[in-house]
Amino acid sequence: ILGFSTPPGRLSMMAFILNALTCALALLYFIRRGKQCLDFTVTVHFFHLLGCWVYNSRFPATLTWWLVHVVCTALMAAIGEYLCMRIELREIPLASAPKSNV
C-alpha cells in the first residue's frame, strides 16, 4: 500500500512520519537518555519488521517500504535524541531550600 502515486499510499507514509514524531516524544518521557535513543529506535523498528514479516508471511521487499522506514528511523532517533539532550543539558539548580542550623 505504500507508494507515492496513490492517495492511500501517501496517507500511509504521512501516518508513518507522524508516528515517528510521536514516538520521539515517547523517547523523551520513557528513555530520557540521549545515548539510548538510537538503540531503542532501531529496536522498535526491528520488531516492526519482524511483525510485518510474520503478518504478511514474506519479507518486505519493496523499495518504498524500506525508504519510509529508514526515514522514520532517522527522524525518530534524531528528534528523540535532540529532545533528550535538551533535558540533559539543563542547568542544575544550586540554590536549594534553606538548611536548618543543627
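In percent, what relative contact order does region 33-88 have, based on Cα pairs under 8 Å that are 6 or more apart in sequence?
64 percent
Gain in length, TYR29 to LEU94, computed as 0.36 nm per residue apart minus the alpha-carbon separation, to one decimal in nm? Walk me through the intermediate numbers first.
Numbers: separation 65, 0.36 × 65 = 23.40 nm, distance 2.45 nm.
Full extension from TYR29 to LEU94 adds 21.0 nm.
May I ask for the angle, rounded to the nearest 10°, between helix 37-56 and the longest principal axis of the chain, with both axes built from Cα atoms and the value confined to 0 to 90°?
Taking Cα atoms only, the helix is inclined about 30 degrees.
Mind checking Rg over Rh on the chain, alpha carbons, Kirkwood formula for Rh?
1.23
What ³J(HN,Hα) values, in whole Hz, does the Karplus curve 6.51 cos²θ - 1.76 cosθ + 1.60 give for region 85-94 when θ = phi - 60°, with x put for Gly and Pro?
The phi angles translate into 5, 4, 6, 5, 8, 5, 6, 8, x, 8 Hz.
Rolling a 1.4 Å sphere over the protein heavy atoms, what is the accessible area per residue of the chain, to the nearest Å²?
77 Å²
Relative contact order of region 1-73: what whole-number percent is it, with Cα pairs under 8 angstrom and at least 6 residues apart?
The value is 34 percent.
Ignoring ligands, DNA and RNA, please state the percent of accessible area on the chain from carbon and sulfur, probe 1.4 Å.
Carbon with sulfur: 69 percent of the solvent-accessible area.
Rule-of-thumb check for region 33-88: C-alpha Rg over 2.2 N^0.38 Å?
Taking the Cα Rg and dividing by 2.2 N^0.38 Å, one obtains 1.31.
The values are calculated or read from the model by the stated rules, or taken from the named source; none is laboratory data. Quick caveat: nothing in here was measured; it's all calculated off a predicted structure. What goes into the accessible areas is simple: the full protein's heavy atoms, side chains included, and nothing from ligands, DNA or RNA. Shrake-Rupley method; radii C 1.70, N 1.55, O 1.52, S 1.80 Å.
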